[in-house]
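Computed from the coordinates by the stated procedures, all read-outs in this text should not be read as laboratory data. Here the structure is a predicted model, which means the values were calculated and not measured. Cβ sites come from the backbone with ideal geometry, for glycine too, and all protein chains shown count toward neighbours.
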Amino acid sequence: MAIVVTLLILYLTTGVASGLRSGVNIILTPFSWAVNSIAHPLGHMLAGTVNYSDVVAQNQKLRYQLAKANERANEGWAFARELQQLTTGLNVPFVGSLPTVAAQVTTNSPTNFSASVTISKGRDSGILVGMPVVANGGLVGQVISTSANGATVRLISDTKSLVGVTFNPGSTTLAVSGRGVNNGLGATSVPLNSGIQQGTKLSTDGLNGALYPAGLPVATVKTVSLTPGAATYNLTLQPAANLRQLSYLDVILWEPSA
């Protein structure tokens, strides 16, 4: 071991090693090869470590940038989707000049018999109990309770809902009732001479004391049935508004006249 150390010193030292290098060239040459064979891979390994650290750092930076880009893309997609829902949900030209307040649906709690939603606006926005609520397509329901910043809307599919409608303004009027979330709407005691048929569109009648202003789309007739021996028709109806996909609603700032 002492000889190896001595030879190494002689090999690496200028001056003294220069006089002896020729004499021990045979010994030093294999030793030099051994040193180089160890030193070169070690140098490459150290350089590789430094380069690998740089690669890791760059990779982490790229991952961060990619995550931020994905986040911005997702935010843009969510905003576009929300805007589309808002535009679709609030396409209500049938309200005419009546003032409205747009609100977002915050909870949806339908059951087989009751159907209601809560919305993001309330008394602070001028919303009061009894005001009509519409969405894209037509009438959705009526406000039944309010708080400062929220309200509950009973949908027209609720079994407690009753809407006065007409399909021939000034003549025939009907009472449309809710039959539960999964059963849509219905009407009974429709006169045989009414002329109503499948596909007939019904809208609010707006009579004095009515719960809703005139002309709001309510439903379309799906089927007309006649019980044998009866003097009137029974109707099943398809709501004009899609009550199953409510994201944004318009509350009409209108109250029934006494």
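Side notes on the structure shown:
- Length-normalised contact order of the range 116-204 in % [C-alpha pairs under 8 Å, at least 6 apart]: 21
- Computed from the C-beta positions of A230 and N70 and an R0 of 45 Å, the FRET efficiency is 0.10 to the nearest 0.05.
- For the range 105-248, average projected area of the Cα convex hull in nm²: 8.6
- Pairwise label distance in nanometres, R123 with T159, each label 7 Å out on the Cα-Cβ vector: 3.2
- Mean Cα-pair separation over length for the range 93-252, i.e. relative contact order, pairs under 8 Å, 6 or more apart, %: 25
- Scaled radius of gyration (Cα, divided by 2.2 N^0.38 Å) that the range 118-187 gives: 1.23
- Approximate spin-label separation N182-K61, in nm, with each point projected 7 Å along Cα-to-Cβ: 5.9
- Protection proxy ranking of 200-206, 138-144, 229-235, 182-188 - average other beta-carbon atoms within 10 Å, highest first: 138-144, 200-206, 182-188, 229-235
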